[in-house]
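What follows is a single structure, written as structure tokens, with notes after it.
The values are calculated or read from the model by the stated rules, or taken from the named source; none is laboratory data. Please read these numbers as outputs of a predicted model, since none were measured by experiment. Quick reminder, even Gly has a Cβ in these numbers, built from the backbone with ideal geometry, and neighbours come from all protein chains shown. Please note that ligands, DNA and RNA were not included when accessible areas were found on the heavy atoms of the full protein model with its side chains. Shrake-Rupley method; radii C 1.70, N 1.55, O 1.52, S 1.80 Å.
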Amino acid sequence: QVQVVESGGGLVQAGGSLRLSCTASGNIFRIDAMGWYRQAPGKQRELVARITSSDSTNYADSVKGRFTISRDSAKNTVYLQMNSLKPEDTAVYYCNVVVAVIGYWGQGTQVTVSS
């Protein structure tokens, strides 16, 4: 079994920054990818950013140039640095960790950006 725990959400004013962290623990043989998704009220969950075991990254167009994903493989941890936040970034942010092709989700962390 794999556990995924996020932290770092909160309330911030537009233009501000937040850093999310996500750590995977448990029966981890191989992490193939780690990513951040978000879901706003009334909307579908969407990919924000993803990083693979070879450090290949991809971002949603709406966050390119503002968000940066990185990882610490020794700690099984992924980070999401979010700068220049906008009210439309408000959502629950979920971490997804792919261990040996199986995806595991965290419980989510709320990010609220006030205008």
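In order along the stretch 37-51, the Karplus-derived 3J(HN,Hα) couplings, from 6.51 cos²θ - 1.76 cosθ + 1.60 at θ = phi - 60°, round to 10, 9, 9, 8, x, x, 10, 7, 5, 10, 6, 9, 7, 8, 9 Hz, and Gly and Pro are given as x. For the chain, the relative contact order comes to 37 percent (Cα pairs under 8 Å, sequence separation of at least 6).
If the segment from Leu47 to Thr68 were pulled out straight at 0.36 nm per residue, it would be longer than the present Cα-Cα gap by 6.2 nm. Highest average first, the peptides 88-98, 34-44 ordered by how many other beta carbon atoms sit within 10 Å of their residues are 88-98, 34-44. With the convex hull of its Cα atoms as the shape, the chain has an orientation-averaged projected area of 6.7 nm².
Heavy-atom accessible surface of the chain, averaged per residue, reaches 52 Å², computed with a 1.4 Å probe. Counting only lysines at least 8 places from Lys43 when in the same chain, those with an alpha carbon closer than 21 Å to its own are Lys64, Lys86. The simple Förster model, with R0 at 25 Å and r as the Cβ-Cβ distance, assigns Thr57 and Ser7 a FRET efficiency of 0.75.
Backbone geometry of the stretch 18-35 corresponds, through the Karplus equation with coefficients 6.51, -1.76 and 1.60 at θ = phi - 60°, to 3J(HN,Hα) couplings of 9, 10, 9, 10, 8, 10, 9, 9, x, 7, 10, 8, 7, 8, 8, 6, 9, x Hz, x marking Gly and Pro.
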